[in-house]
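Chemist: Below you will find the structure I want to go over with you.
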Amino acid sequence: MRGVLTALVVGTVLGQAGIAQAQSADRPNVVLIITDDVGYGDLGSYGAPDIKTPNIDSLAKNGTRLTDFYAAPNCSPTRAALISGRYQQRFRIEVPLGGSRGPAGEQGLPATGRTLPQLLKNNGYRTALIGKWHLGYKKEFSPNAHGFDYFFGFKSGLIDYYQHTDGQGEHDLFENDQPSHATGYSTDLFTEQSVKFIEQNAGQPFFLEVAYNAAHCPFQVPDHPSVAPNNARFVQPQDDPTNTRKDYISIVERADRGVGQILAALERRGLTRNTLVIYTQDNGGEWLSRNAPLFNRKNSVWEGGIRVPAIFRWPGKIPGGKTSSQVGIVMDLTATILAATNSPVPADARLEGINLLPLLQTGAARAERTLFFRITGPARRQRAVRQGEWKLMIDGNSPMLFNVASDVGERNDLANQRMDIVRKLFPLITQWEQDVDAEAKAVGSSQ
């Protein structure tokens, strides 16, 4: 009898594995992992000398990493581009959204019915966002309104890792649209909920976005409960007391540990081979980060503000141990995920990214891209276009031209030598701005 039971158990396990393999052909799972304010050079696979990130690095070892991938200069804009698949300027989301109080609490990304989670949900996927949203507080802007079946996380730009309050001192941890009073270090809570979601949905195709707040300020280290001073005010190097690189390292390494637990859950449920795992970051790092070899940091359109790691692992579909200089942008994740899952995309979604899978899978010739960046504010206005290996940046009213293939640190301004390229690229920025600003104006008048 024991042999029969053993055979039944083995048969059941093998049957589940067979189902997973059968699903993999056209309905793979997708796990998208995003860390917050982490530097381009803060991973071992991107040259970090002092941070240990073995789990994220395992994705690069067993997948393909991109060296020339871009986000927006800061968080809400990147997340708006990801969810919509379009330039964030079209939705008037060009700076991080404010807190829940006052006019800022009225802002958010409109739910069009054509956003990434909604299209996946329409295709029979179970969808979840664990972690940071930062695209609106009101119910009509919430993750659930955009097609996420399940949301566990926070809606502002930052939270106290232990108290789960935002920069205004308001409670900011939710399960769907209801306040949650779970206790613990936020990174660990987000990992636990992600593993739980995988375990509960292993028998159906799912999309899981894990948006860690690590390593965004306040720089609270794991395993030492605290209350962030002044409602998690951003501590600067000139402050006394201030934070240290050692603090920052411990925050990043705890997130990497969480990535390892998520990958282990996929392996435990026999889902590794039919799951596309993507890792990226929302923008460049802050002052405690390592953005080398790039110049500058978050809140700029210098490479250090917008160029981020991007790693794709899909065993049997995407080759392992490869590095690609294919130029990409966050909206490409939207298009790639929808293509990988064979999700129908209506024409009026008007996605502006491209499906990277053919390039990742076959090593096809790199696709030439023309990408635009902009940050506006009372203290800074920068615009940029990258086309091929050239990047024209306009800082205030000063145009600067860089060959970012040979000068990744943007130290050699060639505007006085290649005026022909400046004249070619400058009108493209003007045309793009006119296009996105006209649509933003229409969106604003309809709200």
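The values are calculated or read from the model by the stated rules, or taken from the named source; none is laboratory data. Just so it is clear, the model here is predicted, and its values are computed rather than measured. Here the Cβ is made from the backbone with ideal geometry for all residues, glycine too, and neighbour counts use every protein chain on show. In case anyone asks, the SASA skips ligands and DNA or RNA and just uses the protein heavy atoms, side chains included. Shrake-Rupley method; radii C 1.70, N 1.55, O 1.52, S 1.80 Å.
Chemist: Evaluate the distance, in nm, between pseudo-label points positioned 7 Å from the Cα of residue 230 and of residue 176 along their respective Cα→Cβ axes.
Modeler: So the label points at residue 230 and residue 176 sit 3.9 nm apart.
Chemist: How far apart, in nanometres, would the label points at residue 347 and residue 376 be if each is projected 7 angstrom from Cα along the Cα-to-Cβ direction?
Modeler: So the label points at residue 347 and residue 376 sit 3.1 nm apart.
Chemist: Let me ask another. Run down the lysines and flag those whose C-alpha is under 17 Å from the C-alpha of residue 391, throwing out any fewer than 8 positions away in its chain.
Modeler: Excluding near neighbours in sequence, the set is 424.
Chemist: Springs between alpha-carbon atoms under 10 Å, Gaussian network over the chain: tell me which of 364, 292, 81 tops the mean-square fluctuations.
Modeler: 364
Chemist: Also: Run the accessible area of the chain with a 1.4 Å probe and give the carbon-and-sulfur part as a rounded percent. Show your work: numbers first, answer last.
Modeler: Working: 9250 of 17670 Å².
The C+S portion of the solvent-accessible surface of the chain is 52 percent.
Chemist: Here's another thing I want to ask about it. Where the centre of each part is set by its Cα atoms, how far does segment 295-310 sit from segment 314-328, in angstrom?
Modeler: Going from one Cα centre to the other spans 22 Å.
Chemist: Can you give me the angle between helix 245-268 and the longest principal axis of the chain, using Cα atoms only, in degrees from 0 to 90, rounded to the nearest 10?
Modeler: On a 0 to 90 degree scale, this one is about 40.
Chemist: Right, here's the next one. Mind checking the full-extension length gain between residue 413 and residue 442? Use 0.36 nm per residue of separation minus the Cα-Cα distance, one decimal, nm.
Modeler: Numbers: separation 29, 0.36 × 29 = 10.44 nm, distance 3.72 nm.
Length gained between residue 413 and residue 442: 6.7 nm.
Chemist: Taking a cut-off of 28 Å between Cα atoms, list the lysines near residue 121, but don't count ones fewer than 8 places away on the same chain.
Modeler: Leaving aside lysines fewer than 8 places away in the same chain, those within reach of residue 121 are 132, 138, 139, 155, 196, 317.
Chemist: So, taking all protein chains as they sit and a 1.4 Å probe, how much accessible area belongs to residue 181, in Å² rounded to tens?
Modeler: 140
Chemist: Let me ask something else. Between residue 325 and residue 138, what FRET efficiency comes out of the Förster formula 1/(1 + (r/R0)^6) with R0 = 45 Å and r the beta carbon distance, rounded to 0.05?
Modeler: The computed FRET efficiency comes out at 0.65.
Chemist: Moving to a separate point now. Could you tell me how many degrees, from 0 to 90 and to the nearest 10, lie between the Cα long axis of helix 186-200 and the main elongation axis, the longest principal axis, of the Cα atoms of the chain?
Modeler: 50
Chemist: Roughly how much of residue 419 is accessible, in Å² to the nearest 10, using a 1.4 Å probe?
Modeler: Roll a 1.4 Å probe over it and residue 419 shows about 90 Å².
Chemist: So between residue 104 and residue 168, what do we pick up on full extension, going 0.36 nm a residue minus the alpha carbon distance?
Modeler: So the extension gain works out to 21.8 nm.
Chemist: Nearest 500 deg cm²/dmol is fine: what mean residue ellipticity at 222 nm does the chain get from its DSSP H runs of n ≥ 4 alone, each adding -39,500 (n - 2.57), divided by its residue count?
Modeler: Working: 11 runs with 140 residues, N = 447.
Calculated at 222 nm, the ellipticity per residue is -10000 deg cm²/dmol.
Chemist: Let me ask you something else. Just the accessible area for residue 221, please: 1.4 Å probe, Å², rounded to the nearest 10?
Modeler: 40
Chemist: For residue 246 and residue 426, compute 0.36 nm times the residue count separating them, minus their Cα-Cα distance, and round to one decimal in nm.
Modeler: Values: separation 180, 0.36 × 180 = 64.80 nm, distance 4.25 nm.
Fully extending the segment from residue 246 to residue 426 adds 60.5 nm.
Chemist: Next question. Take the chain, connect every pair of alpha-carbon atoms lying under 10 Å apart with a spring to form a Gaussian network, then pick out the residue of 84, 398, 156 with the largest mean-square fluctuation.
Modeler: Looking only at 84, 398, 156, the largest GNM fluctuation is found for 398.
Chemist: Also, quick follow-up: With θ taken as phi - 60° and the coefficients 6.51, -1.76 and 1.60, list the Karplus ³J(HN,Hα) couplings across segment 78-87 in order, rounded to whole Hz; mark glycine and proline as x.
Modeler: 4, 5, 5, 5, 5, 5, 8, x, 9, 4
Chemist: Also: Mind jotting down the distance between the C-alpha centroids of segment 171-213 and segment 91-125, whole Å?
Modeler: Spelled out, the Cα-based centre of one part sits 19 Å from the other.
Chemist: Please give the per residue accessible area of the chain, computed with a probe of 1.4 Å over protein heavy atoms only, in Å².
Modeler: It amounts to 40 Å² per residue over the chain.
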